[in-house]
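The values are calculated or read from the model by the stated rules, or taken from the named source; none is laboratory data. Just so you know, these numbers come straight off a predicted model, no measurement behind them. All Cβ positions, even for glycine, are placed from backbone atoms using ideal geometry, and neighbour counts span all protein chains on display. Accessible surface is based on the protein model in full, side chains and every heavy atom, while ligands, DNA and RNA are left aside. Shrake-Rupley method; radii C 1.70, N 1.55, O 1.52, S 1.80 Å.
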Amino acid sequence: MSELEYRYASAVKGGLLFMSHVPNIAFGDRVIISDHKNQLRNGQVVMSSNELIMIQVIEGTEDLDLERTWVRFLEKPFEIALSPDVLGRVFNGIGQPKDGRPPLISTLKRNVNGAPVNPAARSYPKEFIQTGISAIDGLNSLVRGQKLPIFTGSGLTHNRLLAQIVRQAKLLGEESGFAIVFAAMGLSYSDTQYYIENFENNGVLGNVVMFINQADDPPLERLILPRAALTVAEYLAFDKDMHVLVILTDMTNYSEALREISTAKGDVPARKGYPGYLYSDLASIYERAGRIKNRHGSITMMPVVSMPSDDITHPIPDLTGYITEGQIVLARELHNQGIYPPIDISPSLSRLMKDGVGRNDTRDDHIRVANQLYAAYAKALEIRNLASIIGAEDLSDIDQHFLDFADQFEKRFIQQKENEERSIFETLNIAWDLLSILPANLLSRVTEEELAKYHRWKERSEV
Amino acid sequence: MAGKLIEINGPLVRAQLEKAVNGEQVSIGQLGIIGEVIGRDGDYSTIQVYEDTESLRPGEEVIALGYPLSVELGPGLLGNIFDGIQRPLETLAKIAGDYIPKGAKVTPLDHKKLWHFKPNSERHEGEKLSGGEILGTVQETESIVHSILVPPNTQGELILLKLEGDYCLDDSIASVQQGKEEKLLYLYHRWPVRQPRPYKVRDHAIAPLITGQRIFDTFFPLLKGGKAAVPGPFGAGKTMVQQQIARWSNADIVIYVGCGERGNELVDILTTFPDIVDPKSKRSLMERTLLVANTSNMPVVAREASIYVGVTIAEYYRDQGLDVVMVADSTSRWAEALREVSGRLGQMPVEEGYPAYLASRLSAFYERAGRVHTLSEQRGSVTLIGAVSPPGGDFSEPVTGHSKEIVQTFWALSKELADARHYPSVSWTESFSGYVNTAAKWWVKQTDQEWLQLRNDALTLLSRDTELMRIVNLVGPEALSPEQRWIIDGANLIKEGVLQQSALDDVDSYASPEKQYLLLKIMMLIYNRGVDLLKLEVPVQELNRLSIMGKAKRCKSTYSSEQTQGLRDFINAINQVFDQLEHTYSENLHKV
Ligand SMILES: Nc1ncnc2c1ncn2[C@@H]1O[C@H](COP(=O)(O)OP(=O)(O)O)[C@@H](O)[C@H]1O
Ligand SMILES: [Mg+2]
C-alpha cells in the first residue's frame, strides 16, 4: 500500500489541521504527523475534499509550525492488532503499548469503529449475575451482556463499588469470573493506581486488558480509546468465547473531548454546547455490549458517568440513560450519612432484570419483592419529608412504621461492607425482614401466598 | 447518469452530478452505498447517505438511480424485520454474518418464494380497473389474508388474470392495457415512501383501539385511525407501552418501528412474540407483526427514513381494508436525525438546534394516520403512536411541544410514578384524550350504561386526592376530616387496584374490557359504600382494616380476563361486608 506524504498544511485551529490540495484522501483515514521537532503525532481525516482536508490531531495542534510539518496518509482507518496475548497488556488510547513491552504482533487487525451489530443476530441477555450487593442484586439486577452504567458525582465511592463488583461478580453456581477490559479516560493518577492495585491484589492482572488515558494525557485520544477497547472486547467475547466485563471510566471526560472537537469543527450545538450527534456517538459505544446468537461469549458493560453538579438531567447522564439498559445512581446524601454503597434506589433501574430473575433464575418472589420495596420506600420517603415539616410526633402509627422502614432499609439493605458478599437469598430474606415492619394490607405488590410464607408482621407487633 | 464525489463530511457528501432530482436515490463508490439527493446547487448535489461514509474518497463514482426511496409491498412482509431502508435483516444476517456490512444488496422481499394466489372471482377480462382494486388474495400468514392490489397509479382494461396457483413475486399474475402499453402486474409493487398512498375519502374514527391496558382504554382512550404521543424521561416506560400495544391491541396488523433505540428491545420482540397468542386470532402474534429497525448504533440518516418506510407499509395494509397500528419508538430520534442533517447543511436552527420545518414534518407524518374508505371502497385505518424522548424529561422541549399540539391522545409518563414503580407510569393529571365521548359509545354497549359516569367519578376522586395531598404535605394528615381521609384511601384503591398494571404479570398484562369495567366498579363501590358508613360514624381506620381492602387491590392479579365471574362474586362479597357493618352501626346509633 502506498503511503502518501505531503507538506501542504495550510492552517491549524483548536486540534484541527487543514491541508489544501491533497487529492483523493479517504474519509476517516489515519494519518501520522511529523512536527518541526520530528516528533510524531497521530491524526484522523474528519472531512475530505480535493480542495481541503480536515484532520483531527490526537495529541493536539499546540505549537505546530505549518512550514515544517509533514503529514503522512496511512491509507487505512484506525486499527488495532488482536491476539490472545492482548490479555495482561496496557495500552494508550490508540492502542500503543504503555507497559514498556513491544507492540502486539498479529496479522489480525480490525477497524476500531467496528460495524453495527445486526439486531437480528443478537440474542437477549438474561443470565443473572450475582454481585453480592443487595441494592443491585435485589432491586436492579445485572445480567450477562447488559450495559449498566454507574451515575456518580465527584468524590462519591464509584471506584470502590466497581472494584467490589469486579471482585464478587459471578453467575449463580459458577466460579468462573470475567476477562476485564478496563478503559480509563481522563482518569486521575491515583484513581488509575487504585484500579491497578485492585486487579493486582485479586490476582487477575493476567486477565485484564487496560487502555489508559490519564487526566494529563491528550484529550482527543479519549475519542479513539473506548473504541479500541471495545474492539478488543469483541474479539475476546466473540472470537475467543470469553465473558468480558468492560469498564469505561469516565464517559463524561469522553463527552467533553467530543464537545471540544465538535466546537472546533463548527458543528451546530444542541444542549450545553454538546453536538446534536452526542446521542448517536455514545450509542455507537454503548451498543457494542451484548450477546450474539450462536456465540458463547458476552460483553457486559459498566460505564462510569459523572453527573456534572450532581445533575442527572445533564446531557451526558441523560443521553446515557436513554441508551443503556438502566443505571445505578449514587447519591451524595447517602454518602454523607456514611452509607456505602450510596446507591440511590429511586432513580436506579435495571431494564433487563425482568427477564433475568424469578423462579428459574433466582427466586419466584424476586421481582414482586423488588417492586414492593420500591413502592414502600417511595411512600416512606414521602412520609419522611412530611415528618420534616410537621414533626414526627404528629404522624399516625402506620406512618411511624414507614419511617422506621425507611431507616432500616437504608441501614440494613442498602448499606453493606466493602468485603461483604451477600447471596441473592440473603438479600431477599433481609427484604422480607424489612417488609415485615409494615402491615400486610399495605403490601399489594406481593401475593397472598408470599405474605403467608414470608411476612412476619404479627410476631413483630406482639414483641 | 454518473458523476463524481467531491467532498465527504460525515453522513453528508457532495457530488458533481448533473440533473439529479431532489429525493433521487444514488449509488456511491465501489461498494454502491446508497444515498439520497437532498439539495442541488448548479451541477452539485448534496447527498445524505444511509450508510457509514468512512473510507469514501473524493473522485469516486456516483450514479443517480432515477427513482426516490421506495419500498416493496407484497406478501412476505409480515413476521420480518427490516432496516431503515427496508433491507431484510434476517436474510442479511444469513449472508453477511453478525455485523451489517456496507453496501449490502438484498431485495426487501424474497422474490423466489412461492405464494398461493387466488384470483378475485369478481374480476373479468376487459373490465376497466383502477388503482387499489383487488386482483386476488394470498394467505400471507395463517391469520392474515393479503389482498393483491392494482398499484395506485395504474389503470386500464384487464387483459389477463392468471388462474389460481403458486406464483413467486417475479411471476406476473395479471396485465392491464394502460394507454398503448400492456402493463404486467405482480404480487407486489413499489411505492415511494415520502408520498402518502391515495385513498378515496377520509372517514371518522369510530371504534376504540382496545389495548388491554386500563389507563389507556378506560381513562385516555385512543381510536382506530387516531394519533397518540407517549412522552417520558428515560426509564419511565415508553418502550413497554409500545410493546404492550404491539402485543395486545385489537388491530389486524402491528408495525413496530425501532427508531434510534436499543437493539435488544427488538430482539425481545423477535424472541417472545412468536410464542404469544393473539387474543383476537388465537394465532402467534408474529403472524400479524413486522418490525422496522434502525437501532441507535445504525447510520443516522436511515433513521429518518425508517419512520416513512414503516408508515408506508402501514398504509399498504390499510388499503387492503385492515386496521393497522404503527408504533414508533422514538420520534425524538427521528427529529434528531433531521436536526443533524439540517445542521450540517448550515440551515438556520430555530429552537434547540432544530430546523424551522420540524413542526410541519411532524404533523405531515401524523397526518398519515386516519380511518379511510380505500380505493376499493373498503374501510381501513392507520393508528400512529409515537414515543417522545424529551431531553432531561423536560416536556417543554420542541418535539414534545409540537407532538402535543398534533395528537388527540397524549399519554404523559411521569418519573415520580416510575420511581415508585407505579406502572404504567401514565400521569392522570397531565394526560388527555379527545376521543372519550366516541369511545364511551362503544363502552356503554359493551359493558354498562354507567360506564362514563364511573370513569368520570374515578377521575374526580383522583383529582380531589391530589388537592388533599397538597394540604397534607403542608399541615399533616391530622388536619383532614374522616371524609377527606377516605377520599385519599379511595384514590389509592383506584391507583393500586385499577391504574397499576404490570406488563410482567401473566394474569393482568392484558385486561379485557369486561375486566376493566368490573375492577373500576369494585373500587368505586367500596369507596361509595364507605362514604355512607362514615355518615353512620364508622371510623376510617375500621374501614381500612377490612380485609376486602387488601383483596380489592389484588383482584387484578387474582382473576384473569377469563375469570370475571370471580370479580362479580367479589362484588357480592363486598356488599355483604358493608351490609353487615351498616347493620351493626345503625343499631348502635339507635341505641344511643
Ligand atoms: N407496564 C409496565 N409493567 C411493568 N414494568 C414496567 C412497565 N413499564 C415499564 N416497566 C419497567 O420499567 C423499565 C423501563 O421501561 P422502558 O419502557 O424501557 O422505559 P423507556 O422506554 O421510557 O426508557 C422496564 O424495563 C420495566 O422494568
Ligand atoms: Mg425506551
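Just the residues that are free of Cβ contacts under 8 Å to residues at least 60 places away in the same chain and facing chain A (nearest Cβ under 8 Å), please, taken from region B:241-275.
Correct list: B:262, B:263, B:264, B:267, B:268, B:271.
Just to be sure I understand the filter: pairs with C-beta atoms under 6 Å, separated by 6 or more residues or on different chains, first member in region A:280-309 and in contact (Cβ under 8 Å) with a residue 60 or more places away in the chain, second member among the acidic types (Asp, Glu). Which pairs pass?
A:292/B:98; A:297/A:241; A:304/A:250; A:306/A:250
Quick check on my filter: what residues within region A:368-386 are buried (at least 21 other Cβ atoms within 10 Å of the Cβ) and either more than 11 Å from every other protein chain (Cβ to nearest Cβ) or over 30 Å from residue B:473 (Cβ atoms) (or both)?
Matches in region A:368-386: A:369 only.
Return a yes/no flag: does region B:453-460 have any residue that is within 12 Å of chain A (Cβ to nearest Cβ) and either buried (at least 21 other Cβ atoms within 10 Å of the Cβ) or farther than 24 Å from residue B:512 by Cα (or both). Talk me through it step by step, then tell me what you get.
Restricting attention to region B:453-460, the residues satisfying the condition of being within 12 Å of chain A (Cβ to nearest Cβ) are none.
Among the residues of region B:453-460, not one is within 12 Å of chain A (Cβ to nearest Cβ) and either buried (at least 21 other Cβ atoms within 10 Å of the Cβ) or farther than 24 Å from residue B:512 by Cα (or both), which makes the answer no.
Being more than 11 Å from chain B (Cβ to nearest Cβ) and modelled with pLDDT of 95 or more is true for just one of A:135, A:179, A:169. Which residue is that?
Details: A:179 fails: modelled with pLDDT of 95 or more; A:169 fails: modelled with pLDDT of 95 or more.
Answer to the selection: A:135.
Would you mind finding the one in B:543, B:581 that is farther than 21 Å from residue A:449 by Cα and within 14 Å of chain A (Cβ to nearest Cβ)?
Working: B:581 fails: within 14 Å of chain A (Cβ to nearest Cβ).
The conditions single out B:543.
Just the residues that are assigned to a helix (DSSP H, G or I) and open to solvent by 40 Å² or more (accessible area, probe 1.4 Å), please, taken from region B:557-572. Don't jump to the end; show me each part of the working.
First, the residues of region B:557-572 that are assigned to a helix (DSSP H, G or I): B:557-558, B:564-572.
The answer is B:557, B:558, B:565, B:568, B:569, B:572.
Find the strands (runs of 3 or more DSSP E) located wholly in region B:258-356 whose residues include 1 or more that are surrounded by 23 or more Cβ atoms within 10 Å (Cβ to Cβ) and more than 16 Å from ligand 1 (Cβ to nearest atom), and list them. Spell out the reasoning first.
On the way: elements: B:289-294, B:323-329, B:349-351.
Those strands (runs of 3 or more DSSP E) span B:289-294, B:323-329.
Residues are listed down the side, and each one gets a yes or a no for (1) free of Cβ contacts under 8 Å to residues at least 12 places away in the same chain; (2) over 15 Å from residue A:232 (Cβ atoms); (3) open to solvent by 30 Å² or more (accessible area, probe 1.4 Å):
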| position | (1), (2), (3) |
| --- | --- |
| A:179 | no, no, no |
| A:182 | no, no, no |
| A:195 | no, yes, no |
| A:198 | no, yes, no |
| A:201 | yes, yes, yes |
| A:204 | no, yes, yes |
| A:214 | no, yes, yes |
| A:219 | no, yes, yes |
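Of all residues in region B:57-73 being in contact with a Leu (Cβ under 9 Å, 6 or more places away or on another chain) and surrounded by fewer than 23 Cβ atoms within 10 Å (Cβ to Cβ), which is farthest from the other protein chains (Cβ to nearest Cβ)?
Here the answer is B:64.
Looking only at residues that are farther than 18 Å from residue B:227 by Cα and open to solvent by less than 40 Å² (accessible area, probe 1.4 Å) in region B:406-420, which one is nearest to ligand 1 (Cβ to nearest atom)?
The first filter runs over region B:406-420 and keeps only residues farther than 18 Å from residue B:227 by Cα, leaving B:414-420.
Keeping just the survivors that are open to solvent by less than 40 Å² (accessible area, probe 1.4 Å) gives B:414, B:417-420.
Values: B:414: 11, B:417: 10, B:418: 6, B:419: 10, B:420: 12 Å.
Taking the candidates together, the pick is B:418.
When only residues in region B:1-28 that are more than 37 Å from the chain's Cα centre (by Cα) and of a type outside the set (D, E, K, R) count, which is nearest to residue A:21 (Cα to Cα)? Break it down stepwise before answering.
As a first pass, look at region B:1-28 and keep what is more than 37 Å from the chain's Cα centre (by Cα): B:1-7, B:15-19.
Now restrict to residues that are of a type outside the set (D, E, K, R): B:1-3, B:5-6, B:15-17.
Details: B:1: 27, B:2: 24, B:3: 20, B:5: 15, B:6: 12, B:15: 17, B:16: 17, B:17: 21 Å.
My answer is B:6.
Identify, please: which residue in region B:217-258 is within 13 Å of the chain's Cα centre (by Cα) and aromatic (Phe, Trp, Tyr) and is, among those, farthest from ligand 2 (Cβ to nearest atom)?
Here the residue is B:248.
Quick one: count up the residues across region B:226-241 that are away from ligand 1 (no atom under 15 Å from the Cβ) and either open to solvent by 10 Å² or more (accessible area, probe 1.4 Å) or part of a helix (DSSP H, G or I) (or both).
Selection size over region B:226-241: 1.
Listed here are the residues, each with its yes/no results for (1) without any contact (Cβ under 8 Å) to a residue 24 or more places away in the chain; (2) closer than 30 Å to residue A:350 by Cα.
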residue: B:403; (1), (2): no, yes
residue: B:406; (1), (2): no, no
residue: B:413; (1), (2): no, yes
residue: B:429; (1), (2): no, yes
residue: B:454; (1), (2): no, no
residue: B:460; (1), (2): yes, no
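Which residues, counting only those in region B:206-220, are in a loop (DSSP other than H, G, I, E, B) and either hydrophobic (A, V, I, L, M, F, W, C) or without any contact (Cβ under 8 Å) to a residue 12 or more places away in the chain (or both)? Lay out the reasoning, then the answer.
Our first condition is that a residue be in a loop (DSSP other than H, G, I, E, B); within region B:206-220, this holds for B:206-207, B:209-213, B:220.
Passing the criteria: B:206, B:207, B:209, B:210, B:220.
For region B:375-405, which positions are away from every other protein chain (no Cβ under 13 Å), crowded, with 21+ Cβ neighbours inside 10 Å and in contact with a Lys or Arg (Cβ under 7 Å, 6 or more places away or on another chain)?
Scanning region B:375-405 gives B:380, B:381, B:382, B:383, B:384.
Does at least one position in region B:201-209 carry a residue that is within 16 Å of ligand 2 (Cβ to nearest atom), of a type outside the set (Gly, Ala, Ser), outside the structural domain of residue B:560 (by TED's automatic domain parsing) and open to solvent by 10 Å² or more (accessible area, probe 1.4 Å)?
First pass over region B:201-209, keeping only residues within 16 Å of ligand 2 (Cβ to nearest atom): none.
No: region B:201-209 contains no residue that is within 16 Å of ligand 2 (Cβ to nearest atom), of a type outside the set (Gly, Ala, Ser), outside the structural domain of residue B:560 (by TED's automatic domain parsing) and open to solvent by 10 Å² or more (accessible area, probe 1.4 Å).
Is there any pair with a first residue in region A:342-353 that is over 19 Å from residue A:301 (Cβ atoms) and more than 7 Å from chain B (Cβ to nearest Cβ) and a second that is of a type in the set (Ser, Thr, Tyr) and within 14 Å of ligand 1 (Cβ to nearest atom) whose Cβ atoms are under 8 Å apart and which are 6 or more apart or on different chains, and what are they?
Sorted first by the residue in region A:342-353, then by its partner, the pairs are A:345/A:374.
Going through region A:304-341 one residue at a time, which ones are more than 16 Å from residue A:250 (Cβ to Cβ) and more than 11 Å from chain B (Cβ to nearest Cβ)?
Correct list: A:331, A:332, A:333, A:334, A:335, A:336, A:337, A:338, A:339, A:340, A:341.
Restricting attention to region B:1-45, report how many residues are of a type in the set (Asp, Glu), part of a strand (DSSP E or B), away from chain A (no Cβ under 14 Å) and under 23 Å from residue A:53 (Cα atoms). Please lay out each step first, then the result.
Start the filter on region B:1-45 by keeping residues that are of a type in the set (Asp, Glu), which leaves B:7, B:18, B:24, B:36, B:41, B:43.
Remaining after also requiring part of a strand (DSSP E or B): B:7, B:24, B:36, B:41.
Imposing the further condition that a residue be away from chain A (no Cβ under 14 Å) reduces the set to B:24, B:36, B:41.
Those still in the list that are under 23 Å from residue A:53 (Cα atoms) too: B:41.
Matching residues across region B:1-45 total 1.
Let's see how each residue does on (1) more than 14 Å from chain B (Cβ to nearest Cβ); (2) not aliphatic (A, V, I, L, M):
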position: A:13; (1), (2): yes, yes
position: A:21; (1), (2): no, yes
position: A:27; (1), (2): no, yes
position: A:30; (1), (2): no, yes
position: A:35; (1), (2): yes, yes
position: A:65; (1), (2): yes, yes
position: A:80; (1), (2): yes, no
position: A:85; (1), (2): yes, yes
position: A:92; (1), (2): yes, yes
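Restrict the check to region B:38-45 and report whether at least one residue is polar (S, T, N, Q) and either surrounded by fewer than 18 Cβ atoms within 10 Å (Cβ to Cβ) or under 31 Å from the mean Cα position of the chain (by Cα) (or both). Break it down stepwise before answering.
If we filter region B:38-45 for residues that are polar (S, T, N, Q), which is where we start, we get B:45.
Cutting the leftovers down to either surrounded by fewer than 18 Cβ atoms within 10 Å (Cβ to Cβ) or under 31 Å from the mean Cα position of the chain (by Cα) (or both) gives us none.
No, that holds for no residue.
Any idea how many residues of region A:12-29 are under 22 Å from residue B:12 (Cβ atoms) and part of a strand (DSSP E or B)?
6
Is there a residue being open to solvent by 10 Å² or more (accessible area, probe 1.4 Å), closer than 19 Å to residue A:147 by Cα and touching a Gly at 6+ places or on another chain (Cβ under 8 Å) anywhere in region A:265-272?
Residues of region A:265-272 open to solvent by 10 Å² or more (accessible area, probe 1.4 Å): A:265-272.
Add one more test, that the residue is closer than 19 Å to residue A:147 by Cα, and what stays is none.
Scanning region A:265-272, I find no residue that is open to solvent by 10 Å² or more (accessible area, probe 1.4 Å), closer than 19 Å to residue A:147 by Cα and touching a Gly at 6+ places or on another chain (Cβ under 8 Å), so the answer is no.
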